[in-house]
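Take a look at the structure below.
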Amino acid sequence: LRSPRNPEQKIIKRVIALEGDIIKTIGYKKKYVKVPHGHIWVEGDHHGHSFDSNAFGPVSLGLLHARATHILWPPHRWQKLQPALPPERKPLRREQE
C-alpha cells in the first residue's frame, strides 16, 4: 500500500482488520479501535518496530495498491503466502454484514 505519511513510498503490511472490526492496538493513541467504513488496519511482522496502523491509524482502502502472493527472496524462503493472522492479532469483534 502507499504510505499514509509519504505517498511516494510503498510499504508491505499484513491486513489485520477490516471495516467494522474492533482491534486491540499495540501502542496506538487508543487501546481499542473500531475500523471505520472504507478503511483497514495494517501491521508489520515486527511489533513495536514497524511503521504501521499502530503509528498512523486506520488506512483508507484507496491507498491499497496490491496483494502479496509469494515470498521470492531469499530463495530458501520461496513459498506461496497463505492468508493467516497470528492468533493474538485477530479482531476482538467482527460486525455482522
Checklist line | GNM top mover of HIS39, HIS49, HIS65 - the chain, alpha-carbon springs below 10 Å | finding: HIS49
Check: Ignoring ligands, DNA and RNA, what accessible area per residue does the stretch 14-80 give at 1.4 Å, in Å²?
Finding: 66 Å²
Checklist line | Violating pairs (Cα-Cα greater than 22 angstrom) within the set LYS13/LYS90; LYS10/LYS34; LYS31/LYS80; LYS34/LYS80; LYS24/LYS80 | finding: LYS10/LYS34; LYS31/LYS80; LYS34/LYS80; LYS24/LYS80
Next item on the list: For the chain, with all protein chains present and a 1.4 Å probe, just round the carbon and sulfur fraction of the accessible area to a whole percent.
Entry: 54 percent
Next item on the list: List every residue whose amide H lies under 5 Å from the amide H of ALA17, counting only residues 5 or more places away in sequence or on a different chain, with H placed 1.01 Å from N in the peptide plane.
Entry: TRP41
Checklist line | Mean Cβ count within 10 Å, highest first, over the residues of peptides 16-27, 66-77 | finding: 16-27, 66-77
Next item on the list: For the stretch 64-77, just list the computed ³J(HN,Hα) in residue order, Karplus coefficients 6.51, -1.76 and 1.60, θ = phi - 60°, integers in Hz, with x standing in for Gly and Pro.
Entry: 5, 10, 7, 10, 6, 10, 9, 9, 10, 9, x, x, 5, 9
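The values are calculated or read from the model by the stated rules, or taken from the named source; none is laboratory data. Keep in mind it's a predicted model, so treat the numbers as computed, not measured. With ideal geometry, Cβ positions are generated from the backbone for all residues, glycine too; neighbour counts draw on all protein chains shown. Note: areas computed on protein heavy atoms with side chains; ligands, DNA, RNA excluded. Shrake-Rupley method; radii C 1.70, N 1.55, O 1.52, S 1.80 Å.
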